[in-house]
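The values are calculated or read from the model by the stated rules, or taken from the named source; none is laboratory data. Every value quoted in this text rests on a predicted model; they were computed, and no experiment measured them. All Cβ positions, glycine included, derive from the backbone under ideal geometry; neighbour counts span all protein chains shown.
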Amino acid sequence: MPRPDKVAKVELLSQKLQQSNMTILTRYDRINVDAMTRLRRMFRDADVEMKVFKNTLSRIAADNAGFADLKPMLEGSTAFVFSEDTIVPARIIRQFARECPQLVVKGAVYEGRIITREDVATLAVLPPREIMLARVAAGVQSPLSAFVNVLQGTIRSLVTVLNAAEKKMADAA
């Protein structure tokens, strides 16, 4: 008969896996307490949550949440990093791993799909959302501006021709 506290932990992890936009699985062994405290503070300041669960409970929760493919990643010490933002936790991990290379990304669940550590590394180097939106807007605006300029040139030419024709008719009369 499973203990109620373990059942609650499994349910909590299942819900977090299903509801978080980004869940990163990391290996954190061989990181000293001071470094781990710094990492947790960095996460807390960015509104990112880091939790550690026993692997047995994690495997059950992964099955319950529909992520059975996570099981190979649940070997050794595993910390789960949960966030609604998809880029921020990856950036924090990348930044922290420069100082403390013992922190290793095992993989992640990104918006309901399992992704590799390489995908997490790619997300970490993406520009912020606002910059990406600005680039998209500029990409859309550029052809439209060129089109408006072409139309204005055509209209200017038409007006010039009409003015010349009007002047010629006025001179002829």
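Tell me, which residue of the range 119-147 that is within 20 Å of Asp85 (Cβ to Cβ), in a helix (DSSP H, G or I) and not hydrophobic (A, V, I, L, M, F, W, C) is modelled with the highest pLDDT?
Asp119
Out of Val105, Val125, Val148, Val120, report the one residue that is among the β-branched types (Val, Ile, Thr) and over 21 Å from Asn21 (Cα atoms).
None of the other options fit; the residue is Val148.
Please pick out the residue among Val120, Val104 that is in the same structural domain as Val33 (by TED's automatic domain parsing) and within 17 Å of Val48 (Cα to Cα).
Every option except Val120 fails the conditions.
Does the range 78-98 hold any residues that are out of contact with any Ser or Thr (no Cβ under 9 Å at 6 or more places or on another chain) and surrounded by fewer than 16 Cβ atoms within 10 Å (Cβ to Cβ), and which are they?
Across the range 78-98, the qualifying residues are Asp85, Gln95, Arg98.
Quick one: count up the residues across the range 72-83 that are in contact with an Asp or Glu (Cβ under 8 Å, 6 or more places away or on another chain) and not hydroxyl-bearing (Ser, Thr, Tyr).
Here the count works out to 3.
With respect to the numbered conditions (1) surrounded by 13 or more Cβ atoms within 10 Å (Cβ to Cβ); (2) in contact (Cβ under 8 Å) with a residue 24 or more places away in the chain; (3) under 21 Å from the mean Cα position of the chain (by Cα), which one is the sole condition not fulfilled by Ile31?
Of (1) surrounded by 13 or more Cβ atoms within 10 Å (Cβ to Cβ); (2) in contact (Cβ under 8 Å) with a residue 24 or more places away in the chain; (3) under 21 Å from the mean Cα position of the chain (by Cα), only one is false for Ile31: (3).
How many of the residues making up the range 48-91 are out of contact with any helix residue (DSSP H, G or I) (no Cβ under 8 Å at 6 or more places or on another chain) and closer than 20 Å to Leu126 by Cβ?
The number of residues fulfilling the criteria is 3.
From the list Leu25, Leu57, pick out the single residue that is in the same structural domain as Thr116 (by TED's automatic domain parsing), surrounded by 14 or more Cβ atoms within 10 Å (Cβ to Cβ) and over 21 Å from Glu111 (Cβ atoms).
It is Leu57.
Go through the range 34-53 and give me each residue that's in contact (Cβ under 8 Å) with a residue 24 or more places away in the chain and either loosely packed, with under 12 Cβ neighbours inside 10 Å or not acidic (Asp, Glu) (or both).
Hits for the range 34-53 are Ala35, Arg38, Leu39, Met42, Phe43, Ala46, Asp47, Val48, Met50, Lys51, Val52, Phe53.
Looking at (1) among the aliphatic types (A, V, I, L, M); (2) more than 25 Å from Lys71 (Cα to Cα); (3) over 13 Å from the mean Cα position of the chain (by Cα), which is the only condition Leu126 fails?
(3)
For the range 101-111, what are the residues that are touching a residue at least 24 places away in the same chain (Cβ under 8 Å) and either closer than 19 Å to Gly66 by Cβ or surrounded by fewer than 17 Cβ atoms within 10 Å (Cβ to Cβ) (or both)?
Result: Gln102, Val104, Lys106, Gly107, Ala108, Val109, Tyr110, Glu111.
From Ala35, Ala79, Ala68, Ala90, which residue is in the same structural domain as Arg113 (by TED's automatic domain parsing), among the aliphatic types (A, V, I, L, M) and over 21 Å from Gly112 (Cβ atoms)?
None of the others qualify; the one that does is Ala35.
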